[in-house]
């Protein structure tokens, strides 16, 4: 089945220790998104790639960066995680832009000690 | 930017009853309105969507209505079942996508 895969499902890191979350897709979609979802809140868009074009939300902290080396893979790098960065990180894809269905992965739950 | 308000935040119904969740949006340019269902420990999954040129859309037990003039849209679930229990998010999109705060629906057997 075509799908969005996130690894790892659970990630524990220490305060200030860089961490990378990964996402891959077999849908061959042009757009990939990263969302942060804190407990009992709505997903919050961090950034998205339309093909190789990177788009950063205005309020995404500089501590968060992303890479998309090819169509299938996208990475979220948190350079110096703080306690407030503990959250579920969701990757999603869509065939085209925002007015298309987004397909979400299962998420990576990040714990910061 | 777009602001989406969603009500209620929690909703509890008896199995077989109907459930209605309402959202309002602020940006009149928004033209795509998806509804996502998120089960515990999973990513959101699209259950139905509607575009601005349509007033109503139905898919089996689920329907969505859109009032562009009033800038509000609603999700209707009929004949609810325990497996409908989840968190439901509305969203409004144009150049970005803004989610509502979510509604936790509990269907009691």
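The values are calculated or read from the model by the stated rules, or taken from the named source; none is laboratory data. Predicted, not measured: the structure shown is a model, and the values here were computed from it. Ideal geometry is used to build each Cβ from the backbone, glycine not excepted, and the neighbour counts take in all protein chains shown.
Does residue B:30 satisfy being assigned to a loop (DSSP other than H, G, I, E, B) and either touching a helix residue (DSSP H, G or I) at 6+ places or on another chain (Cβ under 7 Å) or touching a residue at least 12 places away in the same chain (Cβ under 8 Å) (or both)?
When the stated conditions are applied, residue B:30 passes them.
Report, by residue number, each residue of the range B:85-109 that is over 15 Å from the mean Cα position of the chain (by Cα) and within 8 Å of another protein chain (Cβ to nearest Cβ).
B:94, B:95, B:96
Six or more apart or on different chains, Cβ atoms under 7 Å: show the pairs whose first residue is in the range A:89-105 and under 19 Å from residue B:51 (Cα atoms) and whose second is buried (at least 23 other Cβ atoms within 10 Å of the Cβ) and modelled with pLDDT under 95.
If the second residue must be buried (at least 23 other Cβ atoms within 10 Å of the Cβ) and modelled with pLDDT under 95, the pairs left are A:98/B:93; A:98/B:97; A:99/B:93.
Within the range B:70-84, can one find any residue that is assigned to a strand (DSSP E or B), within 14 Å of another protein chain (Cβ to nearest Cβ) and buried (at least 22 other Cβ atoms within 10 Å of the Cβ)? Break it down into steps so the answer makes sense when it comes.
So in the range B:70-84, the residues assigned to a strand (DSSP E or B) come out as B:72-77.
Now narrow it down to the ones that are within 14 Å of another protein chain (Cβ to nearest Cβ): none.
Checked against the condition, which is being assigned to a strand (DSSP E or B), within 14 Å of another protein chain (Cβ to nearest Cβ) and buried (at least 22 other Cβ atoms within 10 Å of the Cβ), the range B:70-84 yields no hits at all.
Touching a residue at least 60 places away in the same chain (Cβ under 8 Å) and touching a helix residue (DSSP H, G or I) at 6+ places or on another chain (Cβ under 9 Å), is that true of residue B:15?
Working: touching a residue at least 60 places away in the same chain (Cβ under 8 Å): yes; touching a helix residue (DSSP H, G or I) at 6+ places or on another chain (Cβ under 9 Å): yes.
So residue B:15 passes the test.
Conditions tested, residue by residue: (1) more than 14 Å from chain A (Cβ to nearest Cβ); (2) at negative phi; (3) modelled with pLDDT under 95.
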| site | (1), (2), (3) |
| --- | --- |
| B:12 | yes, yes, no |
| B:19 | yes, yes, no |
| B:26 | yes, yes, yes |
| B:40 | no, yes, yes |
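Could you figure out which of (1) at negative phi; (2) free of Cβ contacts under 8 Å to residues at least 24 places away in the same chain; (3) over 11 Å from the mean Cα position of the chain (by Cα) isn't true of residue A:51?
Going through the list (1) at negative phi; (2) free of Cβ contacts under 8 Å to residues at least 24 places away in the same chain; (3) over 11 Å from the mean Cα position of the chain (by Cα), residue A:51 breaks only (1).
If a residue has to be assigned to a strand (DSSP E or B) and surrounded by fewer than 14 Cβ atoms within 10 Å (Cβ to Cβ) to count, how many in the range B:33-54 make the cut? Steps first, please.
To start, the set of residues in the range B:33-54 that are assigned to a strand (DSSP E or B) comprises B:33-38, B:45-51.
This time we only want the ones that are surrounded by fewer than 14 Cβ atoms within 10 Å (Cβ to Cβ), so: B:51.
The qualifying residues number 1.
Taking residue B:32 as the residue in question, decide whether it is under 14 Å from the mean Cα position of the chain (by Cα) and at the interface with chain A (Cβ under 10 Å from one of its Cβ atoms). Give the derivation first.
Values: under 14 Å from the mean Cα position of the chain (by Cα): yes; at the interface with chain A (Cβ under 10 Å from one of its Cβ atoms): yes.
Yes.
Do you know which residues across the range A:54-113 are within 10 Å of chain B (Cβ to nearest Cβ), surrounded by 13 or more Cβ atoms within 10 Å (Cβ to Cβ) and not in a strand (DSSP E or B)?
Answer for the range A:54-113, where residues must be within 10 Å of chain B (Cβ to nearest Cβ), surrounded by 13 or more Cβ atoms within 10 Å (Cβ to Cβ) and not in a strand (DSSP E or B): A:57, A:97, A:98, A:99, A:100, A:101, A:102, A:105, A:106, A:107.
Among the residues of the range A:39-48, write down those that are under 13 Å from the mean Cα position of the chain (by Cα), surrounded by fewer than 20 Cβ atoms within 10 Å (Cβ to Cβ) and under 22 Å from residue B:41 (Cβ atoms).
To start, the set of residues in the range A:39-48 that are under 13 Å from the mean Cα position of the chain (by Cα) comprises A:43-48.
When the remaining residues are screened for being surrounded by fewer than 20 Cβ atoms within 10 Å (Cβ to Cβ), the result is A:44, A:47.
Selection gives A:44 alone.
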